[in-house]
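Asker: One structure coming up, written as structure tokens, with questions to follow.
No lab work stands behind these numbers, since they all come straight from the coordinates. Everything numeric in this text was worked out from a predicted model, so none of it was measured.
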Amino acid sequence: MSLKIRQGDLVEVIAGNDKGHQGEVQSVIRKKDKKGRFDPNRVYVVVAGANFVTKHQRRSPTVRTQTGRIELEAPIHISNVALVGTNTEPTRAGFRYEGDDKVRFDRRTNEPLPTPSES
């Protein structure tokens with residue numbers, strides 16, 4: 001299964017406390033089921049600047065890490081974010097074949113979407 005949102009894409013949060021926030025996808029987390037296959041219902045993204053949580057980190061005697069209260073971005077379910085298209089509005093992505101190449105395209109404007117490595 002190929003995901004329609006990738007690392008480096010610009011997305012907008014469409015549900016939750018950070019609704020309306022736009023940010024870049026820092027990572028995509030795909031969890032597996034008991035049989036070791038990727039579960040399509042357990043896909044999460046970490047969006048830069050959205051869904052901040054406070055983690056209390058205790059000092060460890062062996063490893064030097066940051067201690068105290070640490071603010072970091074928590075994962076958001078992929079259904080709660082929407083891909084931002086070429087006209088800075090949330091849109092859906094689709095796939096189509098142009099020749100032998102599989103291309104993502106904006107389903108609102110029907111234009112091809114750039115891959116995150118190009119932008």
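Asker: Please work out the Cα convex hull volume for the chain and give it in Å³ per residue.
Answerer: Convex hull volume per residue, Cα atoms: 161 Å³.
Asker: Could I ask something else about it? Across every pair of different alpha-carbon atoms, what Kirkwood hydrodynamic radius in Å does segment 76-119 reach?
Answerer: 11.3
Asker: Additional query: If you find the alpha carbon centre of segment 1-49 and of segment 58-119, how far apart are they in angstrom?
Answerer: What the calculation gives is 7 Å, centre to centre.
Asker: Reported to two decimal places, what Rg/Rh ratio describes segment 1-63 when computed on Cα atoms with Rh from the Kirkwood expression?
Answerer: Ratio of gyration radius to Kirkwood radius: 1.09.
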